[in-house]
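The values are calculated or read from the model by the stated rules, or taken from the named source; none is laboratory data. Just so it is clear, the structure is predicted and the values come from calculations on it, not from any experiment. Please note: Cβ atoms are built from the backbone with ideal geometry, for glycine as well, and neighbour counts cover all protein chains shown.
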Amino acid sequence: MTRHLARRPSRQSVVLALFGLLLLATGTRGAGREVVVLPTTGIVDQVMARYLADGIARAEREDAAAVVIKLDTPGGDLFSTNDIVGTLLEAKVPVIVWVAPAGGFAASAGTFITLASNIALMAPGTSIGAASPVGGQGETITGTEGDKIRNDAIAKITSIAEARHRNVDWAVSAVRDARSSPVSEAVRLGVVDGMASTLEEVLAFANGRRVEVAGQTVTLDLTDASPVEVGMNPFQQFIRLLSDPTIAFLLFSAGSAGIIAELWSPNFVTGILGALALILAFIGLGALPLNVGGLLLILLAMVLFGLEVTVTSHGLLGVGGLVSFALGASALFTEPGDPFEPVVRVAPVVIVVTTATAAAFLALVVWAAVRSRTMRSPSGVVGSAAALPAGSVGIVRRPLEPLGSIHVAGEEWSARSVDGRPLERGVQVRVVSTDGLTLLVEPAPPSTES
């Protein structure tokens, strides 16, 4: 009996020790929660909207202490802005928007995003504002349509400012008058909550503040929270890369050239690669302010390049193609959507390099064509149409409809039938006379040897 009573306190001690360890482990996990940091830069588009939605959803699943959106944007798409604002307002985790780094800004759509956060901070040297809606080419929207869009934007930014207890008058003026403020003025007017130079300062500022999350007031406890940066996944980065205007231009140009090469000389490889490049180009162009006129000019240039290779024009078609190509590349995109948005255009150095490359290729084609007309053939006949003796026999290479080409004296020549009749590929013909660089031919008797 004595031994039995002596063992009971030992069991209770073990249970109490395990319970204490459990409490300690639970407390440590709660105190060490993560802060998810989402670096967010560039134009506001659907890729950015999806990225922020996924990042906030991950923070909710992992019970993160907060989400920090490090924002630097000139603005962007209205529909994507609405999606992001909705994500921030409905988030079940505290969201901090930090406009950074120094020299960055939250312009246009970025203003809506910043105001929709639970806590808004700005780094020194940043600015916020200029949220007036404008047309696709940067023009002021007038008339009834302009009033509707402007009033809708004012109503939306007002509701955001009221929900987050920010300066409503300033928010309205940012839309109505395109007002913009530096960080010092934004803090003084209550547009944002404060200034922070580093992420550590952001967390220190937010720690202990009370915010409303999903209809409930919560107190941020970031004392031992560790920041974890979550960037875009590879697919999102790839789509963002395609949205670069220079990349989209290069893909479209290469794809068009591949398709034309496939039509000129079928081999499947250039056609497949060209089609793939065009698909990727249109994915990128879909996210950019495309100018259809510029696109058509580039297409015309590709057609003229293709004709230069097959039709003897002494470089005239090629020159026209080069002019169309350069003009189309320069005018491929419209003006930016607001005055603070960077100009969306193909890099000038890329336009110069690609145009020069095309010019060099066309010069090589013209030089080869001229050389083929002056060089001596293996049969000893001088490579000039006038030097080919009447009666020379050849084979139709490209159907004469009425103009085509024949192979005679070891070379390929432009030719047409004397009477204008069409002649199919493979038909044996005889040279009758010449017309400049074009041979005039007639069908040769089947028994004639070439």
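Picking from residues in the range 177-191 that are touching a residue at least 24 places away in the same chain (Cβ under 8 Å) and part of a helix (DSSP H, G or I), the one that is surrounded by the most Cβ atoms within 10 Å (Cβ to Cβ) is Ala186. Taken together, the residues in the range 276-290 that are over 11 Å from the mean Cα position of the chain (by Cα) and at pLDDT below 80 amount to 0.
Answer yes or no: is there a residue in the range 173-185 that is in contact with a Phe, Trp or Tyr (Cβ under 8 Å, 6 or more places away or on another chain), under 23 Å from Val44 (Cβ atoms) and of a type in the set (S, T, N, Q). Steps first, please.
The initial filter retains those residues of the range 173-185 that are in contact with a Phe, Trp or Tyr (Cβ under 8 Å, 6 or more places away or on another chain), namely 179-181.
Restricting the remaining residues to those that are under 23 Å from Val44 (Cβ atoms) gives 179-181.
Those left that are additionally of a type in the set (S, T, N, Q): 180-181.
Yes - at least one qualifying residue is present in the range 173-185.
When each of Ala174, Ala161 is tested for being in contact with a Gly (Cβ under 8 Å, 6 or more places away or on another chain), under 30 Å from Pro94 (Cβ atoms) and in contact (Cβ under 8 Å) with a residue 24 or more places away in the chain, the lone residue that passes is Ala174.
For the condition of a type in the set (Lys, Arg) and within 17 Å of the chain's Cα centre (by Cα), what is the one hit in Arg61, Arg50? Break it down into steps so the answer makes sense when it comes.
On the way: Arg61 fails: within 17 Å of the chain's Cα centre (by Cα).
Testing whether each residue is of a type in the set (Lys, Arg) and within 17 Å of the chain's Cα centre (by Cα) leaves just Arg50.
Leu52 satisfies every condition listed in (1) at pLDDT below 90; (2) more than 25 Å from Gly208 (Cβ to Cβ); (3) out of contact with any Asp or Glu (no Cβ under 8 Å at 6 or more places or on another chain) except (1). A search for C-beta distances below 7 Å between a residue of the range 296-310 that is small (Gly, Ala, Ser) and any residue that is assigned to a helix (DSSP H, G or I), counting only pairs 6+ apart in sequence or on different chains, returns Ala301/Gly321; Ala301/Ser324; Ala301/Phe325; Ala301/Gly328; Gly306/Ile260; Gly306/Trp264.
Checking Ala53, Ala57, Ala49, Ala65 one by one, the residue that is without any contact (Cβ under 8 Å) to a residue 24 or more places away in the chain and of a type in the set (A, V, I, L, M, F, W, C) is Ala57 and no other. Once the range 373-417 is narrowed to residues that are surrounded by fewer than 13 Cβ atoms within 10 Å (Cβ to Cβ) and under 18 Å from Pro445 (Cβ atoms), the residue that is modelled with the highest pLDDT is Gly391. Working only within the range 431-446, note down all residues that are of a type outside the set (Val, Ile, Thr), surrounded by fewer than 19 Cβ atoms within 10 Å (Cβ to Cβ) and part of a strand (DSSP E or B). Answer for the range 431-446, where residues must be of a type outside the set (Val, Ile, Thr), surrounded by fewer than 19 Cβ atoms within 10 Å (Cβ to Cβ) and part of a strand (DSSP E or B): Ser433, Asp435, Leu440, Glu442, Pro443. Please work out if Glu262 is of a type outside the set (Lys, Arg), touching a helix residue (DSSP H, G or I) at 6+ places or on another chain (Cβ under 6 Å), surrounded by fewer than 20 Cβ atoms within 10 Å (Cβ to Cβ) and part of a helix (DSSP H, G or I). Taking the combined requirement at face value, the residue satisfies it. Residue pairs whose Cβ atoms lie under 6 Å apart, sitting 6 or more positions apart in sequence or on different chains, and linking a residue in the range 252-265 that is among the hydroxyl-bearing types (Ser, Thr, Tyr) and modelled with pLDDT of 80 or more to a partner that is in a helix (DSSP H, G or I) and buried (at least 19 other Cβ atoms within 10 Å of the Cβ), are Ser256/Met302.
Conditions (1) surrounded by fewer than 15 Cβ atoms within 10 Å (Cβ to Cβ); (2) under 17 Å from Val85 (Cβ atoms); (3) β-branched (Val, Ile, Thr), marked per residue:
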position: Val172; (1), (2), (3): no, yes, yes
position: Asn207; (1), (2), (3): no, no, no
position: Leu220; (1), (2), (3): no, no, no
position: Glu229; (1), (2), (3): yes, no, no
position: Gln236; (1), (2), (3): no, no, no
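Could you say whether any residue in the range 289-296 is in a helix (DSSP H, G or I) and closer than 29 Å to Glu401 by Cβ? Looking through the range 289-296, at least one residue is in a helix (DSSP H, G or I) and closer than 29 Å to Glu401 by Cβ. Annotation note: Cβ proximity below 6 Å between a residue of the range 104-127 that is under 24 Å from Ala214 (Cα atoms) and a residue that is of a type in the set (S, T, N, Q) and crowded, with 24+ Cβ neighbours inside 10 Å (sequence gap 6+ or interchain) occurs for Ala109/Thr81; Gly110/Thr73; Phe112/Thr81; Ala120/Thr114.
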